[in-house]
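To keep things clear, I will list the structure first and then write my remarks on it.
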Amino acid sequence: MYEWRNSTGRLSTPGVQTPAKLGGNVEGPGIIYPSGTTFPKDPARGRGNFSEVPGFLADKMKMFQKPSGIPIHLKGGPLDKVIFGATVAMCVVGLTGCLSFFYDMSFPKKSAD
């Protein structure tokens, strides 16, 4: 039923042979596209190509890509600073509420019994 192979040091079933050459190049099947498939003829747009973007949007994109040393979330102007400050304030209020809740739950109130 099984036979011992000295070359591999394992049991194997008779009739099953290991390939003589390992690591050969095996080509898989080619890609078959359905009939009627069309491929784009235009080359991909590169980085910084603003030719197909409306003018006001192209100006906005150039403003955000300019290296000015300002963080990206503040490049929009004063309104961005107000929104950022409000977000930080809400985070502080939320964190304070969480810590207050954890403190109250850690030390339960004593009953008057």
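Read-outs: derived from the displayed coordinates by stated rules, not from any lab. All of these numbers come straight from a predicted model, not from anything done at the bench. Reconstructed Cβ throughout: ideal geometry from the backbone, glycine too, with neighbour counts over all protein chains shown.
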(message) Per 0.36 nm of contour for each residue apart, how much would the distance between Cys91 and Ile72 grow if the chain were fully extended, relative to their Cα-Cα spacing?
(response) 4.8 nm
(request) Determine the gain in length on full extension of the stretch Met105-Met61; use 0.36 nm per residue of separation and subtract their C-alpha separation, reporting nm with one decimal. (result) 10.9 nm
(message) Between Glu27 and Trp4, what is the label-point separation in nm under the 7 Å Cα-to-beta-carbon projection?
(response) 4.5 nm
(request) Check each of the trypsin sites (Lys or Arg not before Pro) in segment 55-113 and keep only those in coil by DSSP with at most 15 other C-beta atoms within 10 angstrom; list them in order. (result) Lys75, Lys109, Lys110
